[in-house]
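The structure appears right after this line, and notes come after that.
The values are calculated or read from the model by the stated rules, or taken from the named source; none is laboratory data. Worth saying up front: this structure is predicted, and the values here are computed from it rather than measured. For neighbour counting, all protein chains shown are included, and Cβ atoms are generated from backbone atoms with ideal geometry for every residue, glycine included.
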Amino acid sequence: MHRGLLFFLVLFLLLLRASGSIEAQEHPNSPVFKDYKPPSATALIKPSDLDYELWENFMLIRSANAGDAASQHELGLRYFLGKGFPRDTIRAAYWIHKSAEQKFLVAEYNYGIFLNNGWGVDWNPFEAYNYFRSASQRGMAEAEFMYGLFFTDNLAVQRNLSTAYHWIRKSSGAGYEPAKEVLAQLEKRGIHEDNDSTSNDTLAPAAPPKQLSSQKTAPQVLEPVLLDFNSDTVSHVDDLTLLKEALREGSPEFRNALGMTNIFEDSSQIAKGDTDFSILAVVRRAADEGSPEAQTVLGRMYERGIGVRKNSLRAAMEYINAIRLDSRRAPALLWRLMHTKNFMDVVTAKAVKNDPEAEYVLAGLTAIGFDYDLNGTQAFQLLQAAAAQNYLPAIVETGNCYFSGRWVTQDKKKAMDVWNFAASLGSEEARIRYAASSVVSSSGSDVDSLAIAFLDSASQKGSVLAEVALAYCYETGSGVVRDTGEAVQLYRSAAQRGNQSAYRGLQRMYDTIRPKGKEFQVVEE
């Protein structure tokens, strides 16, 4: 081997080993760059040994340093994926940014992903918006999808569902699968494109460069937040939608159980009244953990008698529990149920006989504004009567009343005591509420690390309350290393599930760094 070449290889080995001593940052487990193949000529030599890989990396670094945009982008991806280099999101972001500055199409899109997730750079959705817009105007389907989504949530820019429809339809027309799914949601809600929906955008007719035509990088899918969900309170909610959402938000155990069967289509697999059957047991555990999707599915099972004895009162109780956690789907189901023949008469008659479930349901219907026969004082008395019989949902809701000051004088300490009592009786939701309130009311090193670990576990099991509490911790650095990107992802996940506290958390974070430009000023709807 030529001495000069040998010298550079040895030098590169030393540099590579030295770089390994720098703590590399792991990137989130994301499909963003899955199966990525850089644009290049057909390889004549199969990279089969370490020397070849070292030489290839050395040449890539040299080319990137010389300013070649494609090499800069490829080098960034290798740092991101840990391919030939230690995984390092900061270096990955640096090189992809260098490439994006030269208008390298895929780099513009990918750097937008980094900015939108806070990977290796400060989280900045407004900058991400600009990069997605640039790439979308050059015909990249993935960027068109991401750009369109910015007009759905009223966070970075003013909500404009017609503009969102325009860009998502373009992406869908190019065959991008996530765009097809969201387009169907938009059309289901009667959203279409206005003639002036793209008046602020100059569309470039040019197609992507040829060398990028085979590029298919799947983004971290950013689903719409609160996408025209007001209509769900009066529209039909189909079983398939309930199952899809429950599967998407549930724990692995939950997804595996529900994945075994479509419980709404084939109830023969679930023995009538067999509460120990695996699917029903898993749904109940997820509901107890505070998953509004599982609570809604469980309510549907009781309403229709699927796997359990039909019980409209129990169905209403589960729907009310889901609504307390800001479920988007449960209000429509509960509204229809309470207007079925004799429903209210039966519930009232049972409440008169001091049935705790009926007392809880009547109080719940009053709390959510579905029934006005009772005033707040009467509703709270019903809750207390049910709680006195150790009916757990009523005890938890009593704590909620004290915490929020609804119907009673606000007393957060008393709320914590009530939740602690409910937790001692076995209420998982009470444990989560107690832990969440503890970490939110504490700060910095005062936060109990065990509470953080518990909330993390509960979040993975489907608790939307735990998800929001963890997001707050990452936003403020309470008990964890402050991580704005992680906070945004957790808030967004909970907001997509309908949680209003999470959406307000997102608004707060966006407003903290909002640019002064007119384009980024939003009016709350």
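I need the helices (runs of 4 or more DSSP H) fully contained in the stretch 66-148, keeping only those with at least 2 residues that are farther than 23 Å from residue 171 by Cα. Don't jump to the end; show me each part of the working.
Numbers: elements: 69-81, 89-101, 105-117, 125-136.
Per the criteria, 69-81, 89-101.
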- Could you tell me whether the stretch 417-432 includes any residue that is assigned to a helix (DSSP H, G or I), under 24 Å from residue 285 (Cα atoms) and of a type in the set (Phe, Trp, Tyr)? yes
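On the basis of being in contact with a Ser or Thr (Cβ under 6 Å, 6 or more places away or on another chain), crowded, with 19+ Cβ neighbours inside 10 Å and either farther than 16 Å from residue 120 by Cα or among the acidic types (Asp, Glu) (or both), does residue 71 make the cut?
yes
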- Query: Which pairs have Cβ atoms under 8 Å, sit 6 or more apart or on different chains, and link a residue in the stretch 418-432 that is over 12 Å from residue 394 (Cα atoms) and without any contact (Cβ under 8 Å) to a residue 12 or more places away in the chain to one that is hydroxyl-bearing (Ser, Thr, Tyr) and part of a helix (DSSP H, G or I)?
  - Reply: 423/434
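From 385, 351, 363, which residue is closer than 25 Å to residue 426 by Cβ, surrounded by fewer than 20 Cβ atoms within 10 Å (Cβ to Cβ) and free of Cβ contacts under 8 Å to residues at least 40 places away in the same chain?
Values: 351 fails: surrounded by fewer than 20 Cβ atoms within 10 Å (Cβ to Cβ); 363 fails: surrounded by fewer than 20 Cβ atoms within 10 Å (Cβ to Cβ).
The match here is 385.
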- Query: Here is a list of conditions, (1) within 22 Å of residue 284 (Cα to Cα); (2) in a loop (DSSP other than H, G, I, E, B), and residue 364 meets all of them except one; can you say which number that is?
  - Reply: (2)
- Query: Regarding residue 392, is this residue surrounded by fewer than 20 Cβ atoms within 10 Å (Cβ to Cβ) and among the hydrophobic types (A, V, I, L, M, F, W, C)?
  - Reply: no
- List pairs: first in the stretch 97-109 and closer than 14 Å to residue 75 by Cα, second in a helix (DSSP H, G or I) and among the β-branched types (Val, Ile, Thr), Cβ under 6 Å, 6+ apart or cross-chain? 107/96
- Task: Would you check which residues across the stretch 433-451 are out of contact with any Leu (no Cβ under 8 Å at 6 or more places or on another chain) and either small (Gly, Ala, Ser) or outside any helix (DSSP H, G or I) (or both) and list them?
- Result: 437, 438, 441, 442, 443, 444, 445, 447, 448, 449, 451
- Message: What's the number of the only condition in (1) at positive phi; (2) crowded, with 21+ Cβ neighbours inside 10 Å that residue 103 fails to meet?
- Response: (2)
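Inspect the stretch 479-500 for any residue being over 30 Å from residue 115 (Cβ atoms), surrounded by fewer than 24 Cβ atoms within 10 Å (Cβ to Cβ), modelled with pLDDT of 90 or more and hydroxyl-bearing (Ser, Thr, Tyr) and give the result as yes or no. Can you show your working first?
Of the residues in the stretch 479-500, the ones over 30 Å from residue 115 (Cβ atoms) are none.
No, the stretch 479-500 contains no residue that is over 30 Å from residue 115 (Cβ atoms), surrounded by fewer than 24 Cβ atoms within 10 Å (Cβ to Cβ), modelled with pLDDT of 90 or more and hydroxyl-bearing (Ser, Thr, Tyr).
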